[in-house]
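The values are calculated or read from the model by the stated rules, or taken from the named source; none is laboratory data. These figures come from a predicted structure and were not determined experimentally. Because the Cβ atoms are built from the backbone with ideal geometry, glycine has one as well, and the counts that use them run over all protein chains shown.
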Amino acid sequence: MKIVENAGTMMLMPAAPGTCPICATKHDPNMPHNRDSLYYQVRFQMENGRGPTWLDAMEHCSDIVKEMWTEALKEHGINLDKEKAPTEAATSDVSAHSNNQVKNTSDSKSCQDALNNI
Ligand SMILES: [Zn+2]
């Protein structure tokens, strides 16, 4: 008798022949996976414990392809900057904030200089 391993673990059927084994969608291997593919979403969730973002879908692509897709998605109202990990976004926010402070400081200094010249 064959013992069933992984009983209770969710299993996925292999993707249909001729389609991408990762997202089960027919696409050029150099192009991003279909993030909206249910197959991809379930598979990614099983492997990573979270749903995929477009950044995950184009992880394997060249920088040029990533750039093209980032622009194309932006035209569809999808801003990939918002899909970055929260910690990354927080870090960039902090640096933007401190840049503003530096700018404000130099602005107020030039303001002081202008006042001194009166
Ligand atoms: Zn794919």
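Consider Gly51 against the criteria (1) modelled with pLDDT of 95 or more; (2) in a loop (DSSP other than H, G, I, E, B); (3) within 13 Å of the ligand (Cβ to nearest atom): it satisfies all of them except one. Which criterion is unmet?
Just one mismatch for Gly51, condition (3).
State the number of residues belonging to region 22-48 that are away from the ligand (no atom under 11 Å from the Cβ) and aliphatic (A, V, I, L, M).
Selection size over region 22-48: 3.
Looking at (1) in a helix (DSSP H, G or I); (2) out of contact with any helix residue (DSSP H, G or I) (no Cβ under 7 Å at 6 or more places or on another chain); (3) among the polar types (S, T, N, Q), find the lone condition where Thr25 falls short.
(1)
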